[in-house]
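The values are calculated or read from the model by the stated rules, or taken from the named source; none is laboratory data. Treat the numbers as computed from the prediction; the structure is a model and nothing was measured. Quick reminder, even Gly has a Cβ in these numbers, built from the backbone with ideal geometry, and neighbours come from all protein chains shown. For the accessible areas, the whole protein counts, side chains as well, though only heavy atoms, and no ligand, DNA or RNA atoms are used. Shrake-Rupley method; radii C 1.70, N 1.55, O 1.52, S 1.80 Å.
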Amino acid sequence: MYVNVKFFKHDINAYGGRDYLYSTRLAVNVGNKVYVPTVDGDKRAIVVAVNVPKTEINPAWADRIKEITRFDDGMEEVKQ
């Protein structure tokens, strides 16, 4: 399934900014907090849309979509 997420922004201490597309095999719902892979390591994010249709995916970026593999349970210390 494809989902959109927003990243946690430390400067405002909240989730915000633009949506980013990821894939996942987890049973996620809107509002779930997850860790997503980035070039700078795993980052905190919140799911803002689920079941994003393939027709909304830019084919030029399709091979670059990364996969969410774990939830943010709030127990891990976040590096800033």
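Give me a count of the residues in the range 1-32 that are surrounded by 10 or more Cβ atoms within 10 Å (Cβ to Cβ), hydrophobic (A, V, I, L, M, F, W, C) and under 17 Å from residue 69 (Cβ atoms).
Total satisfying the criteria: 7.
Across the range 65-80, which residue is farthest from the chain's Cα centre (by Cα) among those that are open to solvent by less than 100 Å² (accessible area, probe 1.4 Å) and among the aliphatic types (A, V, I, L, M)?
78
Write out, first by first residue and then by second, each pair whose Cβ atoms fall under 8 Å of each other, whose residues are 6+ apart or on separate chains, and whose first residue, in the range 1-15, is part of a loop (DSSP other than H, G, I, E, B) while the second is surrounded by fewer than 12 Cβ atoms within 10 Å (Cβ to Cβ).
As it stands, the answer is 1/25; 1/51; 10/80, since those pairs meet every condition given.
Those residues that are under 21 Å from residue 73 (Cβ atoms) and not polar (S, T, N, Q), I need them from the range 1-19; list them, please.
Once the filter is applied, which keeps residues that are under 21 Å from residue 73 (Cβ atoms) and not polar (S, T, N, Q), the range 1-19 yields 1, 3, 5, 6, 7, 8, 9, 10, 14, 15.
Could you please find all residues in the range 33-64 being under 15 Å from residue 2 (Cα atoms), in a loop (DSSP other than H, G, I, E, B) and open to solvent by 40 Å² or more (accessible area, probe 1.4 Å)?
Hits for the range 33-64 are 50, 51, 53, 58, 59, 61.
Given the criteria of a type in the set (A, V, I, L, M, F, W, C), under 12 Å from the mean Cα position of the chain (by Cα) and part of a strand (DSSP E or B), does residue 30 qualify?
For residue 30, the condition - of a type in the set (A, V, I, L, M, F, W, C), under 12 Å from the mean Cα position of the chain (by Cα) and part of a strand (DSSP E or B) - is not met.
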